[in-house]
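Okay, here's the structure, questions in a sec.
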Amino acid sequence: MNEITFRLASEGDDLPALVALYDSAARWMQENGIDQWKPGGKDEEHFRLRVKEGEVWFAEAGGRTVGAFELWWRDEPAWGPQPPEAGYVHRLMVDREGAPAGAGRAMLTHAERRITAAGRTWSRLDCVSSNPRLRTYYEGAGYTFVGEQRAKKGDGGNPYAVTLLEKRLAL
């Protein structure tokens, strides 16, 4: 297996690659009956803002990009106002054709290390409620169900219901 390494995304040439990875993941979801992401749903401006306000990480193996994820330091739309005790993992994207086995877990582990390095004790994420396989995947990685949030169309929240999960990290 190729070793997976990580690098921070920048606002330059990385933005089109992030859009392409998102669109590929969205197409895979649609092909597999998962009603969540849509191709064209996130553009370069979305990723530019995420790079500016948080962290966007690429996962690479064998000289190519095999995934990416966003790490936020707050997430009021999903979690409400919270003390600065968590990092929030978003848009975990895996290249289904090129990623080695375990790439998703490796990205979660990298995010958890970054969160711990920032002195925070919780890794939090959400996933679409209509995808029990994804919830099971995150629970298998040590995340615990803490609630659900209904769809909030039109007010800046998720356009679909999400399951909230968290994992306590050792500092």
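Leaving out same-chain residues fewer than 8 places away, which aspartates and glutamates sit with a Cα under 16 Å from that of LYS52?
GLU11, ASP13, ASP14, ASP43, GLU44, GLU70, ASP75
Compute the Rg to Rh ratio over the chain from the alpha carbon atoms, using the Kirkwood formula for Rh, and round to two decimal places. Numbers along the way, then the final one.
Working: Rg = 15.2 Å, Rh = 16.4 Å.
Ratio of gyration radius to Kirkwood radius for the chain: 0.93.
A follow-up question, please. Scan the range 71-134 for GluC sites (Glu not before Pro) in coil per DSSP, keeping those whose Cβ has at most 15 other Cβ atoms within 10 Å, and list them by number.
Here the GluC sites (Glu not before Pro) that fit, given the DSSP loop and packing criteria, are GLU85, GLU97.
For the chain, give the share of DSSP beta bridges that are antiparallel, in percent and rounded to the nearest 5; count only bridges with both residues there. Don't skip to the end; give the middle numbers.
Details: 28 of 32 bridges.
In the chain, approximately 90 percent of DSSP beta bridges are antiparallel ones.
Label points 7 Å out from Cα along the Cβ direction at TYR137 and ALA151: separation in nm?
Output for this residue pair reads 2.2 nm.
Roughly how many whole Å is it from the C-alpha centroid of the range 1-18 to that of the range 85-145?
17
Right, another one. As a check on your grasp of the helix formula, calculate [θ] at 222 nm for the chain: sum -39500 (n - 2.57) over DSSP H runs of n ≥ 4, divide by the residue count, round to the nearest 500.
When only DSSP H runs of four or more count, the value is -10000 deg cm²/dmol.
By how many nm would the segment from GLU76 to ARG27 grow when fully extended, if each residue of separation counts as 0.36 nm and the alpha-carbon distance is taken off?
This chain segment gains 14.8 nm when fully extended.
Please report the base-10 log of the normalised intensity I(q)/I(0) for the range 25-84, using a Debye sum with one equal scatterer per alpha carbon and no solvent, at each q in 0.17 (1/Å).
-0.82
None of the figures in this text is laboratory data; all of them are computed from the coordinates on show. Note that the structure is predicted; figures quoted are calculated from it, not measured. FYI the Cβ positions are ideal-geometry reconstructions off the backbone, even for glycines, and counts take in every protein chain you see.
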